[in-house]
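Worksheet for the structure shown next.
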């Protein structure tokens, strides 16, 4: 896959989602739904994980392993996650090879963050590092993180801030009366 062509409306829309970094926050399900529907319709492989049931790091790691088809020898720890996501970024497994790009969607990530705040950040940091590495070889990857907490924030991941999507960037846009 080549770099984004901002004169191409299809590329510009996808670029908008990753311009601030490989991990983008969403509050409203409908905003996320519009983005994932658009990405799917334009050839991106979208994999979703519901994080409400992940009450500990192992729960989330197991969900990631299943959703991204990690090999049976996956070690169920963060070092193993880093290794497997490197393989995902290299197209060894995880997403369709013929997709325009790959999208990992983490639904209700605030639930996992409440249980394991540091681990939640580490997972996103690993994802950001591997996704940036993928970009160097032309593999478009993004991680869309949905939160039911409009105030959720993380320190930078992969040396990049975790930004809200363009439609909900203003705090007022994440209030229930909008």
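Points to keep in mind about this one:
- With contacts taken as Cα pairs under 8 Å and at least 6 residues apart, segment 13-165 reaches a relative contact order of 37 percent.
- Ellipticity estimate at 222 nm from DSSP helix runs (n ≥ 4, -39,500 (n - 2.57)) divided over the chain, nearest 500: -13000 deg cm²/dmol
- Computed label-point distance, nm, for sites residue 136 and residue 40 using a 7 Å Cα→Cβ extension: 3.3 nm
- For the pair residue 55 and residue 92, label points projected 7 Å from Cα toward Cβ lie 3.3 nm apart.
- Mean-position separation - Cα centroids, segment 129-177 and segment 1-60, in angstrom: 9 Å
- Mean-square fluctuations from a GNM of the chain, with a 10 angstrom spring cutoff on Cα atoms, peak among 44, 15, 73 at 73.
- In a fully extended conformation the segment linking residue 100 and residue 29 would gain 23.2 nm over its present Cα-Cα distance, using 0.36 nm per residue.
- Here r is the Cβ-Cβ distance between residue 66 and residue 7 and R0 is 30 Å; the resulting FRET efficiency, rounded to 0.05, is 0.15.
- The length gained by stretching the chain between residue 83 and residue 48 to full extension, at 0.36 nm per residue less their Cα-Cα distance, is 10.6 nm.
- A simple spin-label model places the labels of residue 16 and residue 114 3.2 nm from each other, with each point 7 Å out along Cα-to-Cβ.
Any read-out appearing in this document is the output of simple, stated calculations on the displayed coordinates, not a laboratory observation. Keep in mind it's a predicted model, so treat the numbers as computed, not measured. Cβ atoms come from the backbone with ideal geometry, glycine included; neighbour counts cover every protein chain shown.
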